[in-house]
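> After the C-alpha cells below, expect a handful of questions from me.
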Amino acid sequence: IDLSSHIVKVYLTLKVENAGSTPTSEVLLSFPPTQADHLATVEALVTKGKRKKTTLVRLDVKATELPDAPNDAKYFTIYLANPLKSGESTTIEVLYLLTHSQEPFPAEIAQSESQLVYYRDSALILSPYHIKQQTTFIKTPSTKVESFTRVEPSNRAGTEIKYGPYEDHPPYSFSPILIHFENNSPFAVVEELVREVEISHWGNLQVTEQYTLVHAGARHKGVFSRVDYQSRPTLNGASSLRYLLARLPPRVHSVYYRDEIGNISSSHLRTDSRKSELEIEPRYPLFGGWKATFVIGYGLPLQDFLFETSDDRRYLNFTFGCPLLETVVDKLTVKVVLPEGSKDPSAVVPFPVEQHLETKYSYLDVVGRTVVVMEKKNLVPAHNSHFQVYYTFKPIFMLAEPLMLASAFFLFFVACVAYLHIDLSIRK
C-alpha cells in the first residue's frame, strides 16, 4: 500500500489455487463499502511465459453484484485468460487506486505546521476465499509516523510498516488498522473540469479546459504571510500547492493560461518531438481549503488526431482524462465539437461513461454543430487513455461557409450598386 501521495496505490500479488473439483475462469475481489465508494480503477495482469520471455497480459475486470454479500461488500470479477483446472495455481497482479482516502487530522493547521493524516484499512484483505498466508507492506511518505495499529506480528522500519505474515484465515476475515502519519504532498483535487475539443477540417484542433481546483488537505487557519512563505517555503507552507504540471500532446501551439482577471504570465512551456509540458503557477499559492479557477487553451495540428476508416468514416483519436499530473478529478466533462454537417456520431471509450448529444452554434452556423458529451466521476491519472469519436462528413459541407461569405458580399455590393443607380427624388 503506497501512501506517498494523496492517491492511494494498492498492489496485490495473489497466488490463487483452485481447490475445487471443476475448472474455473473467474476470481472474485471484494472491497468494504467504505473503500468501494472511493475506488477509482481496478486493473489485473497475469504473467505469461518463462524466465526472460515473460509478458504481462491484461485481464478483464468488471464490477459484480452478489445477493448474499456480507456487510454490503462490493465485488469485482477477474476473468482469467485460460480456465484454471482443479489443483492448479496462478499468480495475478492487481492494482487499484483510492481517492479521498486520507483524512487530515488535525483538520486545520497553521502556515508553519506540517500536514498529518489518517489512513484506515485492514491488515488482512477482505476476501471471499480462505487465505493460507498473507503479508502486508505499507509505505509512508516520511519516517514521521505518529501512531499505527499493531496487529501482531507487525513492525516498522523507516518508511515501511509490515503486517504479517498471517496464516490460515477464514473467508471475510477483517482486521482494521489506523495509521496516523505526516503527508505534506499537496492534495490537488479538480472539483470540475470541462474539456472542449473542437474539430476544424481546415487543419486545426482547438482544446479549451476550464478548471475548478481546490486544495483538499488540512484547512489553513490564521493569516497568510507572504514574507515567511517566500523566505522559508519548506517550513512555512510545506503542504501548499505551488505549481502544477500539465502534460500536453506534442506539436502544441497557441497556448494560453488565464483566469477571470486575465492572462497569467507565470507559466513555462517545454516542447519536444514526443511531448509538451506546461508548468503553471496559480495566481496565489493554494493552502488547504483554498480554490482557484482558470482556463488552459491550446491548438494542435489536425492530421495528428483525425483519421479515416475503410468505410469512409472519420474518427478523432484523443486522450480522455486530465493532463495535470498527480491530480484527482471529481467530475470530468469532455465535449467533442464536430464540424457542421457531421452525422451519425458515436464514441468509443475504454471504460464506462455517461454520453449524450448537444448542439452548439458558432460563427456562420446554420443548423449548428453536433457535440458529443461524455461525463465521468472520480478520475485519476490512470484514466488518461485514448478514446475515439466516429462520424460521417461530406466534403461538400466545407464549402458552405465560404459560399455564405461570398453570397453576402455579392448581395452587399449589388445593393450598393442599386442604391447608387436608383433615383428616389419625387420631382422632375
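> For Lys15, which aspartates and glutamates qualify as cross-link partners when the Cα separation must be under 20 Å and same-chain residues fewer than eight apart are set aside?
Candidates past the 8-residue exclusion: Glu26, Glu43, Asp60, Glu88, Glu93, Glu167, Asp168.
> Ordered by packing density, taken as the mean number of other Cβ atoms within 10 Å over each peptide's residues, highest first, how do 287-297, 200-210, 85-95 rank? Don't skip to the answer; put the middle values down first.
Numbers: 287-297: 17.5, 200-210: 15.5, 85-95: 13.6.
So the order, starting with the most tightly packed, is 287-297, 200-210, 85-95.
> Now a separate question. Accessible area of the chain with a 1.4 Å probe: how many percent of it is carbon plus sulfur?
Numbers: 12800 of 23800 Å².
Solvent-exposed carbon and sulfur of the chain make up 54 percent of the total.
> Continuing with this model, one more query. What's the angle, to the nearest 10 degrees (0 to 90), between helix 400-421's Cα axis and the longest principal axis of the chain?
30
> Could I ask something else about it? Could you give the dipole magnitude of region 8-182 about its Cα centre, charging the beta-carbon of Lys and Arg +1 and that of Asp and Glu -1, in debye to the nearest 20?
Working: 18 positive and 20 negative charges, 214 e Å.
Once rounded to the nearest 20, the dipole reads 1020 debye.
> If you filter region 26-63 for trypsin sites (Lys or Arg not before Pro), then keep DSSP loop positions with at most 11 other Cβ within 10 Å, what is left?
Values: sites: Lys48, Lys50, Arg51, Lys52, Lys53, Arg58, Lys62; in loops: Lys50.
Sites meeting the loop and neighbour criteria: Lys50.
> Follow-up. What are the ³J(HN,Hα) couplings of region 280-286, residue after residue, when phi is run through the Karplus curve with 6.51, -1.76, 1.60 and θ = phi - 60°? Round to Hz, x for glycine and proline.
10, 10, x, 4, 8, x, 9
> If amide hydrogens are placed 1.01 Å from N in the peptide plane, which non-local residues have theirs closer than 5 Å to the one on Ser342?
Amide H neighbours of Ser342, under 5 Å, 5+ apart: Thr370.
> Over the chain, calculate the relative contact order: mean separation of alpha carbon pairs under 8 Å at least 6 apart, over the residue count, as a percent. Kindly include the intermediate steps, with their values, before the conclusion.
Values: 957 pairs, mean separation 56.6, N = 428.
About 13 percent, as a whole number.
> Next up: With Cβ to Cβ distances under 10 Å as the rule, what net charge do the other residues near Gly297 carry (K, R +1; D, E -1)?
On the way: positive: Arg258; negative: Glu196, Glu209.
Net of charged neighbours comes to -1.
> Now for a separate question. Using Cα positions and a limit of under 22 Å, work out the lysines in reach of Lys376, with same-chain residues fewer than 8 apart set aside.
Lys9, Lys62, Lys74, Lys291, Lys331, Lys335, Lys360
> Can you say what percent of the DSSP beta bridges in the chain, counting only those with both residues inside, are antiparallel? Round to 5.
Details: 128 of 139 bridges.
Within the chain, antiparallel bridges account for around 90 percent of the total.
> Tell me, what ³J(HN,Hα) does each residue in region 145-156 have, in order and in whole Hz, if you take phi through Karplus 6.51 cos²θ - 1.76 cosθ + 1.60 with θ = phi - 60° and put x for Gly and Pro?
Residue by residue, region 145-156 yields 10, 5, 6, 7, 6, 9, 10, 5, x, 8, 7, 10 Hz.
> Of all beta bridges DSSP finds with both residues in region 270-428, what is the antiparallel percent, to the nearest 5? Could you put the intermediate results ahead of the total?
Values: 31 of 31 bridges.
Once the DSSP bridges in region 270-428 are tallied, antiparallel ones form about 100 percent.
> Turning to a different aspect of this structure: Taking only Cα atoms and a 10 Å spring cutoff, compute GNM fluctuations for the chain and point out the largest among Ala218, Ala238, Ala408.
Residue with maximal mean-square fluctuation among Ala218, Ala238, Ala408: Ala408.
> Then there is this: In Å², what does the accessible area per residue of the chain work out to with a 1.4 Å probe? Can you show the working numbers first?
Details: 23800 Å² over 428 residues.
The answer is 56 Å² per residue.
> If you average the alpha carbon positions of region 129-150 and of region 74-107, how far apart do those two centres end up, in angstrom?
Taking the Cα centre of each part, region 129-150 and region 74-107 sit 17 Å apart.
> So between Ser200 and Tyr363, what do we pick up on full extension, going 0.36 nm a residue minus the alpha carbon distance?
Details: separation 163, 0.36 × 163 = 58.68 nm, distance 1.25 nm.
Stretched out fully, the Ser200 to Tyr363 stretch lengthens by 57.4 nm.
> What does the net charge come to around Thr41 if you take all other residues with beta carbon closer than 13 Å to its beta carbon, with K and R at +1 and D and E at -1?
Details: positive: Lys9, Arg58, Lys62, Lys376, Lys377; negative: Glu43.
Combined, the nearby Lys, Arg, Asp and Glu give +4.
> Positive end of the charge dipole of the chain (Lys, Arg +1 and Asp, Glu -1 on Cβ, about the Cα centre): tell me which of Phe305, Met404, Gly222 has its Cα farthest that way.
Phe305
> Moving to a separate point now. Net charge around Lys377, counting only other residues with Cβ within less than 15 Å of its Cβ (Lys, Arg = +1; Asp, Glu = -1)?
On the way: positive: Arg195, Lys331, Lys376; negative: Asp37, Glu191, Glu192, Asp330, Glu354, Glu375.
Cβ neighbours under 15 Å give a net charge of -3.
> Same structure again: Taking 7 Å along the Cα-to-C-beta vector as the label spot, tell me the Thr24-Gln303 distance in nanometres, rounded to one decimal.
Result for the modelled spin labels: 5.5 nm.
> May I ask you to evaluate 6.51 cos²θ - 1.76 cosθ + 1.60, the Karplus curve with θ = phi - 60°, for each residue of region 389-394 and list the ³J(HN,Hα) values in order in whole Hz, giving x for glycine and proline?
For region 389-394, the Karplus curve yields 10, 9, 6, 10, 8, 8 Hz.
> Ok, one more. Once fully extended, how much extra length lies between Lys221 and Thr90, figured as 0.36 nm per residue of separation less the alpha-carbon to alpha-carbon distance? The partial results should precede the final answer.
Details: separation 131, 0.36 × 131 = 47.16 nm, distance 5.22 nm.
Full-extension gain reported as 41.9 nm.
The values are calculated or read from the model by the stated rules, or taken from the named source; none is laboratory data. Not measured: the values here are computed from a predicted model. Neighbour counts are summed over all protein chains in view; Cβ atoms, including those assigned to glycine, are modelled from backbone coordinates with ideal geometry. The accessibility values were calculated without ligands, DNA or RNA, using every heavy atom of the protein model including side chains. Shrake-Rupley method; radii C 1.70, N 1.55, O 1.52, S 1.80 Å.
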